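The values are calculated or read from the model by the stated rules, or taken from the named source; none is laboratory data. Bear in mind that the values here come from a model prediction, so they are computed numbers and not experimental data. Here the Cβ positions follow ideal geometry from the backbone for every residue, glycine too, while neighbour counts run over all protein chains shown. Note: areas computed on protein heavy atoms with side chains; ligands, DNA, RNA excluded. Shrake-Rupley method; radii C 1.70, N 1.55, O 1.52, S 1.80 Å.
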Amino acid sequence: MTAAARSAPDRLLAVLAAFDHGHPALSLTDISRRAGLTLTTAHRLVGALTAWGALERDTDGFYHVGLRLWELAALAPRGLALRQVALPYLEDLYEATHENVQLAVRDGSDVVYIEWLSGRSAVGVQIRVGARWPLHATGVGLALLAHETPGFQRDYCAGPLTSFTPYTVTDPDRLRRSLAEVRRTGAAVSSRQVTDDALSVAAPVRGATGQVAAAVSVVVPEADAQVPVLVPAVRLAARGISRALGWQPDRTTGPAV
């Protein structure tokens, strides 16, 4: 579709979509190119977004995402609101482990991280708040995928399963077995799936209706991982967040998290 054929909302969203973690600051020319718009159109839309506060222009002439968008994003029930409820339990998990602690939600076929606590001595991870990874490659992703509908799981397993290390699970049958194990135990263990030196233990977080709304995890060095110790700690954190969200355990929601 040509730029002229795109609707005004599409062009406006294309300007915002030009920004990502790899491109947090853009010139007007950069925005025009990345959004697929003429320079004149980009100039007009960027001006409107800047006046509203969605974008901000620094002294060097580069544009950044503005605080007005952050204010709107804070209203998302799966964003800041969930983070605020979960944070005390994430902090408790961090104090118990002094390792990377993460909270994530599903968005389509990806997991999106909405909180991350880390210490100076924790294993390095390729994660930041707002980062996305495929569901099958992370502990939180497996915890979320395991509790999706059978149809969603079937479609996901039938799609391309990207590999990040030699250990990433890319075989559909093996992935399905892993998801069944997550449902049976109430926890997901993902070893060396994204980097070959890290292991993640994750558990699902349930909302008031009992549906899985998020997942919490701890990421530790694979060589020193004590999975039998980590699983109860992560499940306890997930259970605490779930209760804070209004979940009341019963026999209809599967294994207690």
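Of note:
- Residue match in the range 45-64 (condition: touching a Phe, Trp or Tyr at 6+ places or on another chain (Cβ under 9 Å), closer than 27 Å to V101 by Cβ, among the β-branched types (V, I, T) and modelled with pLDDT of 85 or more): no
- Some residue of the range 127-139 being touching a residue at least 24 places away in the same chain (Cβ under 8 Å), buried (at least 20 other Cβ atoms within 10 Å of the Cβ) and of a type in the set (S, T, N, Q): yes
- Single condition Y94 does not satisfy, out of (1) more than 19 Å from H21 (Cβ to Cβ); (2) modelled with pLDDT of 95 or more; (3) of a type outside the set (V, I, T); (4) crowded, with 17+ Cβ neighbours inside 10 Å: (2)
- Restricting attention to the range 49-71, the residues being surrounded by fewer than 13 Cβ atoms within 10 Å (Cβ to Cβ) and over 24 Å from the mean Cα position of the chain (by Cα) number 6.
- Beta carbons closer than 6 Å, at least 6 apart along the sequence or on distinct chains, pair a first residue in the range 61-77 that is aliphatic (A, V, I, L, M) with a second that is open to solvent by less than 60 Å² (accessible area, probe 1.4 Å) for V65/F19; L69/A54; A73/G79; A74/L80.
- Filter pass, A237 being under 17 Å from L144 (Cβ atoms) and under 17 Å from the mean Cα position of the chain (by Cα): no
- Going through (1) open to solvent by 50 Å² or more (accessible area, probe 1.4 Å); (2) in contact with a helix residue (DSSP H, G or I) (Cβ under 9 Å, 6 or more places away or on another chain); (3) under 19 Å from R132 (Cα atoms) one by one, P24 falls short only on (2).
- Boolean, R174 is open to solvent by 30 Å² or more (accessible area, probe 1.4 Å), touching a residue at least 60 places away in the same chain (Cβ under 8 Å) and more than 16 Å from S109 (Cα to Cα): no
- Matching strands (runs of 3 or more DSSP E) fully within the range 186-252 where at least 1 residues are open to solvent by 60 Å² or more (accessible area, probe 1.4 Å): 188-191
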